[in-house]
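J.: Okay, here's the structure, questions in a sec.
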Amino acid sequence: MTFGWRHEFRERRWEDVSEILERVNWEDEQADYLLEIIGSVVNAGADRLLAITTSMHDLVVAPKPISAPPLDVVLVAAPGSLRRHAKSTVRIDHIAVNGPDTEITRPAADAVPLFWRFMRVEFGLSTVGPEQ
């Protein structure tokens, strides 16, 4: 239990985060899932409901409007993240203010549906994203 994200949440534009991640020299295109998640959010129009920032290259997502810390966030770990996960997998964590944190690791191909599952379960966003 971490009691939420305790850092200042400096919201960034989804498109800006995508541009930065596109320039990172990732090994063997293994970070495509990060760009796919960002594209999915923007294409669904959910960027008006969800805020993004980064922790190194990890995605940190929270519902808008952003409040002062601590707050609930969903983290999508990048390859090489301090939140270790095997190559060709995605790790997504919910960092909760109240209750236990959640962490799931799956094949990278499952990243977008898994991300939207976290959005529905943790933030109640059931009207955006692909149905799973």
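The values are calculated or read from the model by the stated rules, or taken from the named source; none is laboratory data. Bear in mind the structure is a predicted one, so any value in this text is a computation, not a measurement. Here the Cβ is made from the backbone with ideal geometry for all residues, glycine too, and neighbour counts use every protein chain on show. All accessible areas refer to the heavy atoms of the entire protein, side chains included, with ligands and DNA or RNA removed. Shrake-Rupley method; radii C 1.70, N 1.55, O 1.52, S 1.80 Å.
J.: Does segment 1-71 come out rounded, prolate or oblate by the C-alpha gyration tensor, with a ≥ b ≥ c the root eigenvalues, rounded set by a/c under 1.5 and, if not, prolate when a/b is larger than b/c and oblate if not?
T.: Oblate.
J.: Please work out how much length the chain gains when fully extended from ASP101 to ILE66, using 0.36 nm per residue of separation minus the C-alpha to C-alpha distance, in nm with one decimal.
T.: Extending this stretch completely gives an extra 10.7 nm.
J.: If you filter segment 18-79 for GluC sites (Glu not before Pro), then keep DSSP loop positions with at most 10 other Cβ within 10 Å, what is left?
T.: Here no loop site has a sparse enough neighbourhood.
J.: Here's a follow-up. Using the Karplus curve 6.51 cos²θ - 1.76 cosθ + 1.60 with θ = phi - 60°, what ³J(HN,Hα) values do you get for each residue of segment 84-99, in whole Hz, with x for Gly and Pro?
T.: 4, 7, 5, 4, 6, 10, 10, 10, 10, 10, 9, 9, 9, 6, 10, x
J.: Quote the FRET efficiency, to the nearest 0.05, computed for SER81 versus ARG120 with a Förster distance R0 of 25 Å and r equal to the Cβ-Cβ distance.
T.: 0.60
J.: Could you tell me which of rounded, prolate or oblate describes the chain, using a ≥ b ≥ c as the square roots of the eigenvalues of the alpha-carbon gyration tensor, with rounded for a/c under 1.5 and, failing that, prolate when a/b is larger than b/c and oblate otherwise?
T.: rounded
J.: Calculate the spin-label point distance for LEU49 paired with GLU22, positioning each point 7 Å from the Cα along the beta-carbon direction, and give it in nanometres.
T.: My value for the distance between the label points is 2.6 nm.
J.: Related question: With a 1.4 Å probe and all protein chains kept in place, how do MET56, MET119 rank by accessible area, largest first?
T.: Output order, biggest surface exposure first: MET56, MET119.
J.: Show me the GluC sites (Glu not before Pro) within segment 49-132 that DSSP assigns to loop and that have at most 10 other Cβ atoms within 10 Å of their Cβ.
T.: Within segment 49-132, the qualifying GluC sites (Glu not before Pro) (loop, at most 10 other Cβ atoms within 10 Å) are GLU131.
J.: For ALA109 paired with PHE3, estimate the spin-label separation in nm (one decimal), with each label point 7 Å from Cα along the Cα-to-Cβ line.
T.: Going by the 7 Å Cα→Cβ label model, 4.3 nm.
J.: Quick check: at a probe of 1.4 Å, how many percent of the accessible area of the chain sits on carbon and sulfur atoms?
T.: 49 percent
J.: In the full protein assembly as shown, how much of VAL121 is accessible to a 1.4 Å probe, in Å² to the nearest 10?
T.: We get 100 Å² for VAL121.
J.: Please give the per residue accessible area of the chain, computed with a probe of 1.4 Å over protein heavy atoms only, in Å².
T.: 54 Å²
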